């Protein structure tokens, strides 16, 4: 996606944007109209790692149990682990460290399970019940920066767009700062509306003079 005053539709079939464009989010079909919610991350890497660890541990344990049932000696690691669990006190350093690691991993997995993720994608308004679209934060910030650069007297602009706030810092080399700030706020208010975000961020504009060199 390119930064233009009016951002093209993101991921809509037949629209100007394409799924391969930077910042684009693929269209997700939806059977019914629902309140606009954030996009949820798939989180393939944590899920894959957890599945691999569980699968490997369960397979190794089942193999050892089957070997014992077939009158073979248990693996050394399982005998040592059983002896350690039976004889090591609960206040042992290794027991406390292992328990702390297990708790941290468990909390991390719970957080991943109940949080959406994809913080870089801002959900857009739903014009159609069966289409969802999102806009990348960097693309939104670039669009607002380009809009602010069109204001007379603006030398440079830095823009940052979050979930609830858009902060724009501009440098003006002529004109009164209050006038420049008012013009930027007016231009960006329209620009934010044209982004089509489901939850438009609150706008904060700061304007300053260029720093003197030397």
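Where a number appears in this text, it was derived from the coordinates with a stated rule and is not lab data. Computed from a predicted structure; not experimentally measured. Here the Cβ positions follow ideal geometry from the backbone for every residue, glycine too, while neighbour counts run over all protein chains shown.
Structure above, values below:
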item: Computed Rg/Rh of the stretch 65-132, alpha carbon atoms with Kirkwood Rh; result: 1.37
item: Gyration tensor over alpha-carbon atoms, the stretch 131-208, equivalent ellipsoid semi-axes in Å; result: 23, 11, 10
item: Residue 113 versus residue 63: modelled label distance in nm, points set 7 Å from Cα along the beta carbon direction; result: 2.8
item: Net lengthening on full extension, residue 127/residue 149 (0.36 nm per residue, minus Cα-Cα); result: 5.0 nm
item: Chain lengthening between residue 74 and residue 88 when straightened (0.36 nm per residue, less Cα-Cα); result: 3.0 nm
item: Whole-Å distance, taken between Cα centres, linking the stretch 170-214 and the stretch 47-91; result: 62
